[in-house]
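Contents: one structure, followed by commentary.
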């Protein structure tokens, strides 16, 4: 059940140093039953102001997950100091369950150490504690790593705060010229980097499973063609330029193949392109629209959008070794529009764009019990993508005539918007876990 | 590159539609959009009745001056009225095998972007199919879908959505 009450709390307004893009994160719906946690400001003994507010970054991360409710600073008085014993009875009397105490120290030119301890107040014990060396440019990343450690300790699930998102931004200049940017940023929207720009549309960014490449559609030569670009070197390679559509790329879980939509054989059909041999395998054979393939994590079936039944719905097709495919089976039956599947990392849930009387929303289908839950209630939501730990969905929404990114927890309880101040933002896609750190 | 320039100039020209601009030199780019009042393009040497001499593409009273057909939501069915427009273009193209067009398919902003790309293409192909049936050669028609990426109306309501669910017939005039 979505709560009617919407509290708009502007958590913070910061200017991201690298891009100067202003970003606000609005918690559009607070969560009942979230675990209260006190995150004391990190002790800093430098002459100037601390280079980052580590505690604020951690608090924002944990809050966005919907699982935690960081307490306001006023409720954490007197502030516990790093290195001093914690007065458990005092905090216990205030019904605080968990507390994070930490410090940020400068150890040398551009060398910093972030230390923290997570305490269970009720038990009077430390649950975890780490010391992480860092640099100024990495302090936000280090803070996200601390958030991941706290999240994992308290929920038993891996945190996804130290990950990235890719998305497309459309900026219109004064003369009305549009510029399409493919950007990547930290999962909280900070540290935006534009990796590709075109005056023509860019669509459908898709991460390679190792997080090093993005596949996308670019109209830069006047029509849709598929590219794969290295994030590190920025070198882009055209991988599909058949006549007609070259769209909807999706890397296979092993990264060796790309599912895609081509219309070279008469109408939009799904194919699988082997990126090494360039062998092309056709998956669908139907006069209807077949597009938006998404891989199941085992790489043995695809879920895609088709209007073969008269309206767009999701179908699942098993891929067999011989290249002969089983008949696709319809997965969605609620409503006359279910499209653009995103599959959860463990393959248990499918997020999609679902239409009901109030518009187009993000819904999630539980593949075990086939129960469909509508998670959002804005009129024009699209492009869902799961966080790599499967707990959150980022999607594109619309606010005051502008494209914005928003997030919802998969239980539908936590909602927030990431608002970029410049341009229309669309088609977010969450990175995989970057490495095994 | 040429297509891109062409598209850009078509976009530019669509901005000034209705401005009754002073007679402009029809070139390969601006010939794409019919503009009432633009000078007659004599290159094809065709004439129509009704007192208009010159290429019927430039006759504001010709059905050829209508270059956009519209669709219902999630539909690629061509209306009876629009069939007549398409038929007029098909007849012209069949009689002018050196003239080429681009059929640009578009959708409204609702729903999913990639599905809309496929839907825009199906709309353009529906128009293409009608033209091929009337003897237009395959090589005269290029189909491109922009899905919801190039709206002409920017509102978030049915009035705008209706205008955006369209196929544009663009003459490249070469």
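What is the helix-to-structure angle for A:54-64, meaning the angle in degrees between its Cα long axis and the longest Cα principal axis of chain A, kept from 0 to 90 and rounded to the nearest 10? With both axes taken from Cα atoms, the answer is about 50 degrees. Protection proxy ranking of B:106-118, A:360-372, A:210-222, A:226-238, by the mean of other Cβ atoms within 10 Å over each peptide's residues and highest first, is B:106-118, A:210-222, A:360-372, A:226-238.
From Cα pairs below 8 angstrom and at least 6 apart in sequence, can you work out the relative contact order of region A:31-155, rounded to a whole percent? Mind dumping the intermediate values first?
Details: 204 pairs, mean separation 33.4, N = 125.
Taking the mean separation of contacting Cα pairs over the length of region A:31-155, I get 27 percent.
As an equivalent ellipsoid, region A:117-210 spans semi-axes of 39, 14, 11 angstrom, where each value is the square root of five times an eigenvalue of the C-alpha gyration tensor, largest first. Rg then Dmax, both in Å and based on the Cα atoms of region A:257-338: 12.4, 41. Taking other C-beta atoms within 10 angstrom as a stand-in for reagent exposure, A:434, A:352, A:99 fall in the order A:434, A:99, A:352, fewest first. Counting other Cβ atoms within 10 Å as a rough exposure proxy, the listed residues A:52, A:407, B:77, A:157 run B:77, A:157, A:52, A:407 from fewest neighbours to most.
Express the relative contact order of chain A as a whole percentage, based on alpha carbon pairs under 8 Å and six or more residues apart in sequence.
Values: 1105 pairs, mean separation 54.5, N = 437.
Rounded, it is 12 percent for chain A.
For region A:298-357, what is one quarter of the convex hull surface built on the Cα atoms, given in nm²? Result: 4.4 nm².
Arrange the following residues from fewest to most other Cβ atoms within 10 Å of their Cβ: A:173, A:162. Can you show the working numbers first?
Working: A:173 8, A:162 21.
Taking fewest neighbouring Cβ atoms as first place, the list is A:173, A:162.
If one puts a single equal scatterer on every Cα of region A:185-297 and applies the Debye formula without solvent, what log₁₀ I(q)/I(0) results at q = 0.13, 0.14 Å⁻¹? Listed by q, the Debye log ratios stand at -0.49, -0.56.
Taking N as the number of residues in region A:31-155, what is its alpha-carbon radius of gyration divided by 2.2 N^0.38 Å?
Values: Rg = 14.0 Å, N = 125, 2.2 N^0.38 = 13.8 Å.
Taking the Cα Rg and dividing by 2.2 N^0.38 Å, one obtains 1.01.
Peptide B:118-131 has a mean shielding of 3, counted as Cβ atoms of other protein chains within 10 Å of each residue's Cβ.
For region A:370-437, the relative contact order comes to 31 percent (Cα pairs under 8 Å, sequence separation of at least 6). Take each residue in B:146-154, count the other chain C-beta atoms within 10 Å of its C-beta, and the mean is 3.
A quarter of the convex hull surface defined by the alpha-carbon atoms of chain A gives 23.2 nm² as the mean projection. What is the angle, in °, between the Cα long axis of helix A:139-155 and the longest principal axis of the Cα atoms in chain A? Nearest 10 is fine, range 0 to 90. For helix A:139-155, the angle is close to 90 degrees.
Kirkwood analysis of the Cα pair distances in region A:289-414 returns a hydrodynamic radius of 14.8 Å. Estimated purely from DSSP H runs of n ≥ 4, each contributing -39500 (n - 2.57), the mean residue ellipticity at 222 nm for chain A is -2500 deg cm²/dmol once divided by its residues.
No lab work stands behind these numbers, since they all come straight from the coordinates. Since this is a predicted model, take the numbers as computed values, not measurements. Counting neighbours? That spans all protein chains shown, and the Cβs are built from the backbone with ideal geometry, glycine included.
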